[in-house]
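Undergrad: Here you go, one structure.
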Amino acid sequence: MAVISIRDLVYSHPDKNLIFNGINLNINAEAKMSLMGNNGSGKSTLLKIISGELESSSGIIKTSVVPWLVPQLFGQYNNLTVAQALRVDKKLQALNAITEGNVAEHWLDELADDWMIEERCNQALQHWRLDDIKMERKFSTLSGGQKTKVFLAGIDIHQPELILLDEPGNHLDYSALRQLQNMITNWQHSLLLVSHDRKLLNLVSTTLELSSQGVKVYGGNYQFYSEQKKIERSAYRDELKEKEKALRKAKATEREASERQYKLNARGKSKQARSGVPTIMMNTLRNNAEKTAAKLKGTHEEKRSALQKEVNELTSNIPANDQMKIGLTDSYIHRNKVLVKAENMNHSYDDIWMWCDPLNFIITAGERIAISGDNGSGKTTLISIIRGDIKPDVGNIVNAATEIICIDQEYSLINKDLTVFQQAVKFNHAGLLEHEINIRLSRFLLGKEFWNKSCSSLSGGERMRLILCCLTMAIQSPDIIILDEPTNNLDLQNLEILSKAINEYKGTLIVVSHDEYFLNDIGIQRTIALT
């Protein structure tokens, strides 16, 4: 039985830009689904339409349940209290009025016999470790992780039959992520998940792929979906090779036929001139020959054009990351050389030590290391110390790295006041010419339409690709690359691009990320755990 039924759904932005068209989808009771699609395909928009927060341009949505949406962005709630964001403020107000002796009918109607609402709210907040969050607190004062956990607590409070999760893993620390994983695994009702966290995506049983043409259903989790996409891409590439081969053959045949017809016409004219054929007859014969040649040429051009169109269509269906060539240069430092050494190191804020025990570690050239710890455990502080931005209050740290590059979730290496081309020029230490820079940008899917575009208007994935492009224009790669939560703003396509680039890099890698799938994908060898 479908709890949500969608037919012929269309959505266009107010500027008339079509986001998706002809969406047909059923979400059945107890179904657990994920929604895939590139950035801009409309995943968040579709969730908002299903939840009732946004109206579609046309189409029909039939629902037998009230969905609960955990949004990706929270700006629209910042002027509310926590209770208002959770939609329990009126019930709590009614309960408070009644317990104080005011049993007016409108309070009883508002409460609707939900006498346990306050206790349920408290238990839900405690479950998500929000014990210190009061219902009257302004939502805007919460951190990103707290905002997400408030809406996850809303699931415990309302127990909806359909939950819509839009990037719920963003901003959550390790312990909260494990809670989220357990919640998804044990959830008994319907669920629709949008996420770039592949571990979460593997917890659901059906994968949907959203594009401008509609929704395609894959009967499995992310791993199954990924394998099917590889098969599809392989089939596309094989078919593309065959079509390209046929196109080359058609072009050669067209050229040979044109040359043959030219020689026949030339011989015919010479023969006719020697035989003394009257001029009027020669003109007729020439016109007939030209018509025959034109018809033959038209036939070959039509076949070639049809093949070229098929090649273009197949090429457009091959994912962009399959077309990319990254090519990071090697670092000159020999492997196993000690780059960073920390001895009895600690740092304090307001006379409170950052770490329970002083840190002692060595990082050698070529290592791949993760820094782990819950929010507030000092991961950012440790990165700042390794980079040399701050000094530890006690102990020592020795850093022998010549160059350290940090790619963070804000992509702060990019100057938002520059254009894409100007940003690339800033990193052009190898002295590439202008056209060579443009070629390099195009290799990273930043074609001509991007070159004069302001960096401030780029998406997270576009900024990440621009940074990778800039790194390829150095004379040599940095000794250490630090990735500080780099995956939060990326879709899966750009995640694959980042993984591919990092796996080509031969230098030292230090990563802060809650995405365990990503950490495994890039070959992390050991972890520095902060407590």
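Undergrad: Give me the dipole magnitude in Debye, nearest 20, for the chain about the Cα centre, with unit charges on the beta carbon: positive for Lys and Arg, negative for Asp and Glu. Walk me through the numbers on the way to the answer.
TA: Details: 63 positive and 65 negative charges, 911 e Å.
Once rounded to the nearest 20, the dipole reads 4380 debye.
Undergrad: State, as an integer percentage, the relative contact order of the chain based on alpha-carbon contacts under 8 Å between residues 6 or more apart. Walk me through the intermediate numbers first.
TA: On the way: 835 pairs, mean separation 76.6, N = 531.
Taking the mean separation of contacting Cα pairs over the length of the chain, I get 14 percent.
Undergrad: Taking H as built 1.01 Å from N, whose amide H comes closer than 5 Å to the amide H of Met354, not counting residues under 5 places away?
TA: Amide H neighbours of Met354, under 5 Å, 5+ apart: His347, Ser348, Tyr349.
Undergrad: Along the Cα→Cβ direction, 7 angstrom out, place labels at Ser211 and Ala400. What is the inter-label distance in nm?
TA: For the pair Ser211/Ala400, the computed spacing is 5.1 nm.
Undergrad: Right, next: Please give the length that would be gained between Ala246 and Ile61 if that part of the chain were fully extended, namely 0.36 nm times their separation in residues minus their C-alpha to C-alpha distance (nm, one decimal). Could the numbers behind the result be given before it?
TA: Working: separation 185, 0.36 × 185 = 66.60 nm, distance 4.62 nm.
This chain segment gains 62.0 nm when fully extended.
Undergrad: Treat each spin label as a single point 7 Å out from the Cα along the C-beta direction, and report the Asp351 to His106 distance in nm.
TA: For the pair Asp351/His106, the computed spacing is 5.3 nm.
Undergrad: Follow-up. Which residues in segment 436-473 place their backbone N less than 11 Å from a point set 7 Å from the Cα of Lys426 along the Cα-to-Cβ direction?
TA: Under cut-off, by backbone N: 455-456, 467.
Undergrad: Taking R0 as 35 Å, what's the FRET efficiency between Lys416 and Glu343 from their Cβ-Cβ distance, rounded to 0.05? Could the numbers behind the result be given before it?
TA: Details: r = 39 Å, r/R0 = 1.11.
The pair Lys416/Glu343 has a calculated efficiency of 0.35.
Undergrad: Hey, any idea what % of the chain's accessible area is carbon plus sulfur with a 1.4 Å probe?
TA: On the way: 13180 of 27120 Å².
Using a 1.4 Å probe with all protein chains present, the chain comes out at 49 percent carbon and sulfur.
Undergrad: Moving on to the next point. Give me the Debye-computed log₁₀ of I(q)/I(0) at q = 0.12, 0.14, 0.19 Å⁻¹ for segment 347-443, equal point scatterers on Cα only, no solvent, two decimals.
TA: After summing over all Cα pairs, the log10 values are -0.60, -0.75, -1.04.
Undergrad: When the Cα atoms of segment 125-227 are enclosed in a convex hull and the volume is divided per residue, what value in Å³ results? Can you show the working numbers first?
TA: Working: hull volume 12.4 nm³, N = 103.
Per residue, the Cα convex hull of segment 125-227 comes to 121 Å³.
Undergrad: Per the Cauchy relation, a quarter of the hull surface: what is the mean projected area of the convex hull of the alpha carbons in the chain, in nm²? Please report the intermediate quantities before stating the final value.
TA: Numbers: hull surface 145.0 nm².
Result: 36.2 nm².
Undergrad: May I pose another question? Which far-off residues, 5 or more places away or on another chain, put their amide H under 5 Å from the one on Glu30, with H placed in the peptide plane?
TA: Under 5 Å from the amide H of Glu30: Ser190.
Undergrad: Put +1 on the Cβ of every Lys and Arg and -1 on every Asp and Glu Cβ in segment 1-100; which of Leu80, Tyr11, Met1 then has its Cα farthest towards the positive end of the dipole?
TA: Met1
Undergrad: Okay, next question. Taking R0 as 22 Å, what's the FRET efficiency between Glu256 and Lys309 from their Cβ-Cβ distance, rounded to 0.05? Mind showing how you got there, number by number?
TA: Values: r = 22 Å, r/R0 = 1.02.
About 0.45, to the nearest 0.05.
Undergrad: Count the DSSP beta bridges whose two residues both fall in the chain, then state the antiparallel fraction as a percent rounded to the nearest 5. Don't skip to the end; give the middle numbers.
TA: Working: 31 of 63 bridges.
Among the beta bridges of the chain, antiparallel pairing accounts for roughly 50 percent.
Undergrad: Here are some pairs, Lys62/Lys91; Lys229/Lys249; Lys241/Lys309; Lys48/Lys216; Lys43/Lys216; Lys138/Lys199; which of them have Cα atoms lying more than 24 Å apart in this structure?
TA: Details: Lys62/Lys91 27 Å; Lys229/Lys249 30 Å; Lys241/Lys309 14 Å; Lys48/Lys216 19 Å; Lys43/Lys216 13 Å; Lys138/Lys199 33 Å.
Beyond 24 Å: Lys62/Lys91; Lys229/Lys249; Lys138/Lys199.
Undergrad: Also: For Ile117 and Gln159, compute 0.36 nm times the residue count separating them, minus their Cα-Cα distance, and round to one decimal in nm.
TA: Numbers: separation 42, 0.36 × 42 = 15.12 nm, distance 1.19 nm.
My answer for the length gained is 13.9 nm.
Undergrad: Let me know the Rg and Dmax you get for segment 46-178 when you use only its Cα atoms, in Å.
TA: Spelled out, the Cα radius of gyration and Dmax of segment 46-178 are 15.9, 49 Å.
Undergrad: Taking a quarter of the surface of the Cα convex hull of segment 125-181, what do you get in nm²? Don't skip to the answer; put the middle values down first.
TA: Numbers: hull surface 16.3 nm².
Reported value for the Cα convex hull: 4.1 nm².
Undergrad: Between Ser442 and Asp131, what is the label-point separation in nm under the 7 Å Cα-to-beta-carbon projection?
TA: 6.1
Undergrad: Dipole size in debye (nearest 20) for segment 1-127 around its Cα centre, Lys and Arg Cβ +1, Asp and Glu Cβ -1?
TA: 720
Undergrad: By accessible area of protein heavy atoms, probe 1.4 Å, what ranking do Val338, Val66 get, highest first? Don't jump to the answer; show the numbers that get you there.
TA: Values: Val338 70, Val66 115 Å².
Descending accessible area places them as Val66, Val338.
Undergrad: Which one of Phe450, Asn438, Trp107 has its Cα pushed farthest toward the positive end of the charge dipole of the chain, where Lys and Arg give +1 and Asp and Glu give -1 at the Cβ?
TA: Asn438
Undergrad: Over all distinct Cα pairs, what is the inverse of the mean 1/r for segment 1-96, reported as the Kirkwood hydrodynamic radius in Å?
TA: Working: mean 1/r = 0.0653 Å⁻¹.
One over the average 1/r among Cα pairs gives 15.3 Å for segment 1-96.
Undergrad: Would you mind checking segment 411-426 for residues with the amide N under 18 Å from a putative spin-label position 7 Å along Cα→C-beta of Ser456?
TA: Counting backbone N atoms under 18 Å from the label point, the list is 411-424.
Undergrad: Do me a favour and compute the ellipsoid semi-axes for segment 394-478 from its Cα gyration tensor, root of five times each eigenvalue, largest one first, whole Å.
TA: 26, 16, 10
Undergrad: Next question, about the same structure. Positive end of the charge dipole of the chain (Lys, Arg +1 and Asp, Glu -1 on Cβ, about the Cα centre): tell me which of Tyr411, Gln493, Asn96 has its Cα farthest that way.
TA: So the residue furthest toward the plus end is Gln493.
Undergrad: If you don't mind, there's one more thing I want to ask. Taking all pairs of different Cα atoms in segment 415-531, averaging 1/r and flipping that mean, what Kirkwood radius in angstroms comes out?
TA: On the way: mean 1/r = 0.0659 Å⁻¹.
After inverting the pairwise mean of 1/r, the radius is 15.2 Å.
Undergrad: Between Arg7 and His189, what FRET efficiency follows from the Cβ-Cβ distance if R0 is 22 Å, with the result rounded to 0.05? Spell out each step's value before the answer.
TA: Numbers: r = 23 Å, r/R0 = 1.02.
It comes to 0.45.
Undergrad: Here's a follow-up. Report the Cα centroid-to-centroid distance between segment 462-531 and segment 4-70 in angstrom, as an integer.
TA: If you average the Cα positions of each part, the centres end up 33 Å apart.
The values are calculated or read from the model by the stated rules, or taken from the named source; none is laboratory data. As the structure is a computational prediction, the values presented were derived from the model and not from experiment. Cβ: placed from backbone, ideal geometry, glycine included. Neighbour counts: every protein chain shown. For the accessible areas, the whole protein counts, side chains as well, though only heavy atoms, and no ligand, DNA or RNA atoms are used. Shrake-Rupley method; radii C 1.70, N 1.55, O 1.52, S 1.80 Å.
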